[in-house]
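Below: one structure, written as structure tokens.
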Amino acid sequence: MPGTSDRCEHFDSIRDVAPVTDGCQECLALGEPWTQLRICLTCGHVGCCDSSPSRHATAHFHATGHPIIEGYDPPEGWGWCYVDKTAVTLPDQTPQRGPIPFYDDF
Ligand SMILES: [Zn+2]
Ligand SMILES: [Zn+2]
Ligand SMILES: [Zn+2]
């Protein structure tokens, strides 16, 4: 059992992922800023949070249906299920790929 939550049954979607990019994949490509990062625990997509202008983590969920993300700025060990709209407890923190770039470092 990789994690625990009273309300989420999506833990079987969690894979042993590696971050695909150091920062939000779409924002890096577009040269846009973000506030905080989320990593998809199904495929390793790194996207920006709902406080960011473009909300790419949520957009990734809508595009793919991958339900669970982890806070990733740096890895914080907590998760969120978009389907159940509930916080989930994760077994591990996904290792950071490298220093996370911020938009003013571009
Ligand atoms: Zn769930
Ligand atoms: Zn973004
Ligand atoms: Zn994904």
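The values are calculated or read from the model by the stated rules, or taken from the named source; none is laboratory data. Everything quoted here is computed from the prediction, not taken from an experiment. Quick reminder, even Gly has a Cβ in these numbers, built from the backbone with ideal geometry, and neighbours come from all protein chains shown. Each accessible area value is taken on the protein alone, full model and side chains, heavy atoms only, with ligands, DNA and RNA left out. Shrake-Rupley method; radii C 1.70, N 1.55, O 1.52, S 1.80 Å.
Key figures for this structure:
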quantity	calculated
Residue match in the range 81-90 (condition: in contact with an Asp or Glu (Cβ under 8 Å, 6 or more places away or on another chain), at pLDDT below 75 and surrounded by 13 or more Cβ atoms within 10 Å (Cβ to Cβ))	no
Test for HIS56: is it within 13 Å of ligand 2 (Cβ to nearest atom), within 21 Å of PHE11 (Cα to Cα) and either open to solvent by less than 60 Å² (accessible area, probe 1.4 Å) or touching a helix residue (DSSP H, G or I) at 6+ places or on another chain (Cβ under 8 Å) (or both)	no
Listing of strands (runs of 3 or more DSSP E) fully contained in the range 26-106 that carry 2 or more residues being over 11 Å from the mean Cα position of the chain (by Cα)	86-89
Residues (away from ligand 3 (no atom under 12 Å from the Cβ) and in contact with a strand residue (DSSP E or B) (Cβ under 9 Å, 6 or more places away or on another chain)) located in the range 29-49	GLU32, PRO33, TRP34, THR35, GLN36, LEU37, CYS48, CYS49
Whichever residue in the range 11-25 is open to solvent by 50 Å² or more (accessible area, probe 1.4 Å) and either in contact with a strand residue (DSSP E or B) (Cβ under 7 Å, 6 or more places away or on another chain) or over 16 Å from PRO99 (Cβ atoms) (or both) and, among such residues, is farthest from ligand 2 (Cβ to nearest atom)	ASP12
